[in-house]
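Below: one structure, written as structure tokens.
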Amino acid sequence: MTSHLALLSCLLVLLLSLDKFLLHYLKKRWLSGGSIIPRISSGGPSKSRRSMAAAGSGAKWSETAMLVIDMQKDFVDPAMGSPLLVAGGEAVVPTVAEAVAVARERGIFVVWVVREHDPSGRDVEVFRRHFYSGGKGPTAKGLKGAELADGLVIKKGEYKLVKTRFSAFFATHLDSVLKTSGIKNLVIVGVQTPNCIRQTVFDAVAFDYEKVTVIIDATAAVRPEIHLSNIRDMKNIGVETPTLEEWRR
């Protein structure tokens with residue numbers, strides 16, 4: 001009984017001490033003009049948080065490159081009469097142009113990947129060499145078919161990479177250019193999905209790029225079902241496949 005009374009006495013003394021402390025604190029806040037009601041956030045991010053988010057986004061885009069693959073007249077312009085025309089290519093030219101514009105706004109490093117073959121065809125895949133004779137052939141260097149599609153222009157600070165096989169990484173210095181530029185993430189647009197897009201994507205994954213994205217409405221194949229089946233295969237190896245609208249958000 002005595003021990004219980006002693007414990008109750010100690011608790012009473014403690015409560016009185018806390019009471020005096022709180023009264024002193026509230027009186028001091030009131031006299032100094034400060035509010036004793038905690039300030040409630042308006043619900044939006046603070047300026048500092050917005051700045052941090054913007055900084056983080058900027059860092060992300062500075063580590064990202066966009067590969068624009070084979071958007072050349074022989075591949076996407078029916079007027080050229082090229083045997084390598086990609087039937088769905090012409091339709092995605094405006095979307096590719098828009099994707100490039102978004103990349104430029106974000107400060108993304110834009111790499112234009114093109115084929116420019118020797119007019120003799122000596123550097124072309126064996127199965128395509130029959131297209132080259134008399135110094136002419138699809139995307140032969142110096143000919144109109146090797147030019148970018150109308151509306152697509154390489155700007156200052158962007159990079160042009162010439163390849164002679166499906167993958168943009170095969171027998172090129174692309175990986176070196178990207179890594180020395182601090183690039184960790186890739187966004188890919190262009191044609192065509194089962195060949196140059198797919199092979200470049202699989203190589204990018206093999207080279208351990210942290211994030212590989214293929215914009216599904218800024219890429220194309222001969223037929224929609226071929227395009228979508230290859231998109232599915234790439235998605236199955238961890239590649240992100242947003243639409244342009246989803247990617248730009």
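Data for the structure
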{"quantity": "Förster radius 22 Å - calculated FRET efficiency between Ser229 and Glu158 (Cβ-Cβ, nearest 0.05)", "calculated": "0.10"}
{"quantity": "GluC sites (Glu not before Pro) restricted to DSSP loop in the range 107-153 with at most 11 other C-beta within 10 Å", "calculated": "Glu125"}
{"quantity": "Derived scalar couplings ³J(HN,Hα) [the range 159-167; Karplus, 6.51 cos²θ - 1.76 cosθ + 1.60; whole Hz; x for Gly, Pro]", "calculated": "10, 10, 10, 9, 10, 10, 9, 4, 6"}
{"quantity": "Relative contact order of the range 182-249, defined on C-alpha pairs under 8 angstrom at six or more residues apart (%)", "calculated": "37 percent"}
{"quantity": "Accessible surface, per residue, of the range 158-249 when the full set of protein chains is kept, probe 1.4 Å, Å²", "calculated": "47 Å²"}
{"quantity": "Mean projected area in nm² (Cα convex hull; one quarter of hull surface) for the range 62-201", "calculated": "8.0 nm²"}
{"quantity": "Accessible surface of the range 73-218, 1.4 Å probe, proportion on carbon and sulfur as whole %", "calculated": "53 percent"}
{"quantity": "Net +/- balance of residues flanking Thr200 in space, Cβ distance below 13 Å, scoring K and R +1, D and E -1", "calculated": "+1"}
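The values are calculated or read from the model by the stated rules, or taken from the named source; none is laboratory data. Being a predicted model, the structure only gives us computed values, none of them experimental. A quick note on method: Cβ atoms are made from the backbone with ideal geometry, for glycine too, and the neighbour counts reach across all protein chains shown. In case anyone asks, the SASA skips ligands and DNA or RNA and just uses the protein heavy atoms, side chains included. Shrake-Rupley method; radii C 1.70, N 1.55, O 1.52, S 1.80 Å.
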